[in-house]
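A short write-up of the structure that comes next.
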Amino acid sequence: MSWNLRPAKTADIEIIAELRATVMRADLERLGRFDPHRVRQRLRDSFSAEHTSVIETDGAFAGCVTLRPAEGGHWLEHFYLAPHRQGRGLGSAVLGTLLERTDAEGSTVRLDVLRGSAARRLYERHGFTVEDEDPVDVFMVRAPRAAAGRPG
């Protein structure tokens, strides 16, 4: 399967909001927090085309990811894959590519994931560790890794 990242456009917001509602529904329902309007609106309210990439596989929409600059590094947000693209290595490939970039910059990456979400295992495989948690979210961090040929 071939894939690529392209810069998001403002016009992508609704397809991304729908994807978010689809992929987060089971975890939010398990936590007693699913609201069909709110899950979409939170994406709309925080959407930043400037920092978001659309993931395409074989030329078709497959997901999205936001890597937002923040104090001390970046926040990884809105990382969603279409259900039929999950579990096939795409998320790991995309995340690995993004982390190569942040490692080259020497940037720490933070994220939060819902408690009990299967996505947590993906993040742990890529070196994220728990920094804090609350009844709903687990906050994770990953320090930059030394790039090949770079001291560190």
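Just to be sure, is Glu77 surrounded by fewer than 18 Cβ atoms within 10 Å (Cβ to Cβ) and of a type in the set (Asp, Glu)? Please lay out each step first, then the result.
On the way: surrounded by fewer than 18 Cβ atoms within 10 Å (Cβ to Cβ): no; of a type in the set (Asp, Glu): yes.
No.
Among the candidates Leu111, Leu122, Leu98, which residue alone is of a type outside the set (Gly, Ala, Ser), open to solvent by less than 40 Å² (accessible area, probe 1.4 Å) and assigned to a strand (DSSP E or B)? Don't jump to the end; show me each part of the working.
Numbers: Leu122 fails: assigned to a strand (DSSP E or B); Leu98 fails: assigned to a strand (DSSP E or B).
Being of a type outside the set (Gly, Ala, Ser), open to solvent by less than 40 Å² (accessible area, probe 1.4 Å) and assigned to a strand (DSSP E or B) holds for just one of Leu111, Leu122, Leu98, which is Leu111.
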The lone condition Ala93 fails out of (1) touching a Phe, Trp or Tyr at 6+ places or on another chain (Cβ under 8 Å); (2) over 24 Å from Asp45 (Cβ atoms); (3) among the small types (Gly, Ala, Ser); (4) crowded, with 17+ Cβ neighbours inside 10 Å is (4)
Tell me whether segment 51-71 contains one or more residues that are part of a loop (DSSP other than H, G, I, E, B), surrounded by 13 or more Cβ atoms within 10 Å (Cβ to Cβ) and modelled with pLDDT of 95 or more.
no
Taking the condition of being surrounded by 11 or more Cβ atoms within 10 Å (Cβ to Cβ), assigned to a helix (DSSP H, G or I) and without any contact (Cβ under 8 Å) to a residue 40 or more places away in the chain, how many residues in segment 29-49 meet it?
8
Candidates Ala21, Ala26, Ala17, filtered to the one that is in a helix (DSSP H, G or I), of a type in the set (Gly, Ala, Ser) and surrounded by fewer than 17 Cβ atoms within 10 Å (Cβ to Cβ)
Ala26
Residues (closer than 15 Å to Asp112 by Cα and small (Gly, Ala, Ser)) located in segment 24-72
Ser46, Ala70
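The values are calculated or read from the model by the stated rules, or taken from the named source; none is laboratory data. Model, not experiment: these values are computed from the prediction. All Cβ positions, even for glycine, are placed from backbone atoms using ideal geometry, and neighbour counts span all protein chains on display. Only protein heavy atoms, including side chains, enter the accessible area calculation; ligands, DNA and RNA are left aside. Shrake-Rupley method; radii C 1.70, N 1.55, O 1.52, S 1.80 Å.
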